[in-house]
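Below is one structure, written out as structure tokens; comments come after it.
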Amino acid sequence: MRLEEFIEGFERDESIERRRLAAEKSYAITDHLERVERQFEEALQGEALFGSSAPEIFVGRSNYPDVSTGLLSPVDRESDAAGYATSGDWYRRGFGIDDVLQRRTGLLNSTRSTSVDVTDVWDGFVGVQREVAVADHPVDVEVGLDRRPEFELSVDDVRTPTGPRARATDATLAENPHVPRPVEKTLEDDDWRAEGAMTYLYRRGFDVYDINTILSAGALGQGRSRRLVPTRWSITAVDDTVGEYLRGTLRNAASVDEVQVWYNEYMANE
């Protein structure tokens with residue numbers, strides 16, 4: 001219990017309170033954003049950014065079927081690009097909110113508007129984006145930008161934090177991406193429905209985050225129906241499909257003849 005609760009008529013000294021709050025605050029994120037801006041300046045070559053792109057993309061949902069699509073690239077050229085891709089490994093490694101925030105805000109989102117119809121599109125910016133999405137490791141890319149990025153931290157209660165963003169004029173692969181054989185199989189089969197392909201990849205050990213990225217890139221489903229899928233929608237589709245598969249595996253499992261209570265918590269999710 002605080003002292004002021006014992007003293008009737010106690011008035012808090014506002015200047016002392018402000019100093020206390022300032023002392024308790026962490027300015028690590030502002031230092032991080034300043035560092036990101038410096039790293040971007042070092043990575044920028046004229047009006048182009050060259051470096052590894054994390055095996056992750058972003059597809060917006062506004063104005064569907066004409067959407068904003070983005071390549072996510074670490075602005076720190078010396079860092080491990082694979083470590084920036086969202087994955088279940090973050091939980092296994094015990095990452096906290098600060099770790100996630102620094103990784104998400106350290107990614108440059110190079111965006112362009114495009115139609116979701118990408119049945120046979122494997123060239124241009126969207127083609128590079130799809131190649132990055134199906135690769136099993138970060139791919140070196142060169143991205144042309146038409147303006148300097150906006151260094152603004154965007155945070156809300158739905159979307160993951162985002163780092164700097166800029167409109168892309170073009171993108172070029174600097175190396176041939178390696179595509180895992182199971183993904184090649186789903187790409188080659190034009191008659192395979194997306195639900196079956198997602199379950200197949202999950203059973204082959206693919207993380208749900210990887211499947212989400214592949215689905216977003218329009219690389220799953222029957223050939224004539226392949227479309228870019230907004231990231232938020234693809235997350236729901238993958239969760240529902242994998243959840244249905246897992247529920248099916250429990251039907252023949254041995255019964256539990258006692259009451260059990262399981263609890264877990266991670267980054268305020270219970």
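Residues Glu131, Glu175, Glu195 in ascending order of nearby Cβ atoms (within 10 Å, fewest first): Glu175, Glu195, Glu131.
Annotation: the residues Thr236, Thr231, Thr69, sorted from fewest to most other C-beta atoms within 10 Å of their own C-beta, follow the order Thr236, Thr231, Thr69.
Remark: the Glu175-Arg93 segment gains 26.5 nm on full extension, using 0.36 nm per residue and subtracting the alpha carbon distance.
Take the Cα of Arg203, step 7 Å toward its Cβ, do the same at Arg147, and the gap between the two points is 4.9 nm. Calculate the FRET efficiency for Ser225 and Arg247 from the Cβ-Cβ distance with a Förster distance of 22 Å, rounded to the nearest 0.05. According to the calculation, E is roughly 0.30. The stretch 76-96 and the stretch 181-248 have Cα centres separated by 22 Å. Given R₀ = 45 Å, what would the calculated FRET efficiency be for Val100 paired with Asp257, taking r from the Cβ atoms and rounding to 0.05? Plugging the Cβ-Cβ distance into 1/(1 + (r/R0)^6) gives 0.65. With θ taken as phi - 60° and the Karplus curve 6.51 cos²θ - 1.76 cosθ + 1.60 applied, the whole-hertz 3J(HN,Hα) list for the stretch 172-188 is 9, 6, 9, 7, 7, x, 9, 9, x, 4, x, 5, 4, 5, 5, 5, 6 Hz, x standing for glycine and proline.
Phi angles across the stretch 125-138 convert, under the Karplus curve 6.51 cos²θ - 1.76 cosθ + 1.60 with θ = phi - 60°, into 3J(HN,Hα) values of 4, 5, x, 4, 4, 5, 4, 4, 5, 8, 6, 9, 7, x Hz, Gly and Pro given as x. Using the Cα coordinates of the stretch 181-250, the gyration tensor eigenvalues translate into equivalent-ellipsoid semi-axes of 18, 14, 11 Å, sorted from longest to shortest. Based on the Cβ-Cβ distance from Asp66 to Trp122, what FRET efficiency comes out when R0 is 22 Å, to the nearest 0.05? Using R0 = 22 Å, I get an efficiency of 0.65. Going by the alpha-carbon gyration tensor, a ≥ b ≥ c the square roots of its eigenvalues, is the stretch 211-270 rounded (a/c under 1.5) or, if a/c is not under 1.5, prolate (a/b greater than b/c) versus oblate? Because a/c hits 1.5 or more and a/b fails to exceed b/c, the stretch 211-270 counts as oblate. The stretch between Arg193 and Ala268, if pulled fully straight at 0.36 nm per residue, gains 23.4 nm over its current Cα-Cα span.
Amide H contacts of Leu108 (H built 1.01 Å from N, in plane; Pro and chain starts excluded): Ser73, Val75 sit under 5 Å, all sequence-distant by 5 or more or on other chains.
All of the numbers you see were taken from the coordinates with simple rules; none came from a lab. These numbers come from a predicted model, not from an experiment. All Cβ positions, glycine included, derive from the backbone under ideal geometry; neighbour counts span all protein chains shown.
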